[in-house]
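A.B. asks: Provided herewith is a single structure, encoded as C-alpha cells, for subsequent inquiry.
The values are calculated or read from the model by the stated rules, or taken from the named source; none is laboratory data. In this text, all values refer to a predicted model and were calculated from it rather than measured experimentally. Virtual Cβ from ideal backbone geometry, glycine too; neighbours counted across all protein chains shown. Surface accessibility is based on the protein's heavy atoms, side chains included, excluding ligands, DNA and RNA. Shrake-Rupley method; radii C 1.70, N 1.55, O 1.52, S 1.80 Å.
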Amino acid sequence: KKLYIQRCRELVAAQVKTLSFLTYLLRSNAEQMKRYEDRIAGNVVSLLNICAPDATGTRKELLVSTRQIFLTDFRKGFYKHIDTMLDERIIVGQHAIIGA
C-alpha cells in the first residue's frame, strides 16, 4: 500500500510537470490549443483536488502553472470552476486545514 501511494504521488508530480510544459506551449501556440481551454481548466482543478497537501513542491509548481494560465486568455476556462478554486481546502490541500 505504501508503494502504491508513492507511485500515485509520482504520477501527480509528473502530470504537474507536464502542465508546466503545457503552460509554456500556451503562450506560443494559443490558437491551436484554444479548443482545449475547458479541458485544461478542469484538469488543473482535478490536480489541485488530488495533490497531497504535504507535497509542497508539487503543489507550488501546480499553483505557479495555474497563475501562468491565468495570465493568458485560457483563464476563461476557469470561470465555471471559480467556486471550487476559491475553496481554501483546494488551494492549500484537504488535510492542511484540519490542523489550523
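A.B. asks: Per DSSP helix of 4 or more residues, -39500 (n - 2.57); summed, then divided by the residues of the chain. What does that give at 222 nm, rounded to the nearest 500?
C.D. replies: -21000 deg cm²/dmol
A.B. asks: In debye to the nearest 20, how big a dipole does the chain give about its Cα centre with +1 on each Lys and Arg Cβ and -1 on each Asp and Glu Cβ?
C.D. replies: 260
A.B. asks: For the stretch 1-87, which whole-number percentage of the solvent-accessible area (1.4 Å probe, protein heavy atoms only) is attributable to carbon and sulfur atoms?
C.D. replies: With neighbouring chains kept in place, the figure for the stretch 1-87 is 57 percent.
A.B. asks: May I ask you to compute the full-extension gain from Lys34 to Arg89, defined as 0.36 nm times their residue separation minus their alpha-carbon distance, rounded to one decimal in nm?
C.D. replies: Roughly 16.9 nm would be gained on extension.
A.B. asks: Can you compute log10 of I(q)/I(0) for the chain with the Debye formula, treating each Cα as one identical point scatterer, at q = 0.15, 0.20, 0.21 Å⁻¹?
C.D. replies: The Cα Debye sum returns log10 ratios of -0.60, -1.00, -1.08.
A.B. asks: Suppose R0 equals 25 Å. What FRET efficiency, 1/(1 + (r/R0)^6) with r the Cβ-Cβ distance, do Leu3 and Ser46 give to the nearest 0.05?
C.D. replies: Given R0 = 25 Å and the Cβ-Cβ separation, E is 0.60.
A.B. asks: For the stretch 10-85, what is the accessible area per residue in Å² when the probe is 1.4 Å?
C.D. replies: 61
A.B. asks: Next question. Please list Thr56, Thr84, Thr23 in order of solvent-accessible area, largest first, computed with a 1.4 Å probe with all protein chains present.
C.D. replies: My answer, sorted largest first, is Thr56, Thr84, Thr23.
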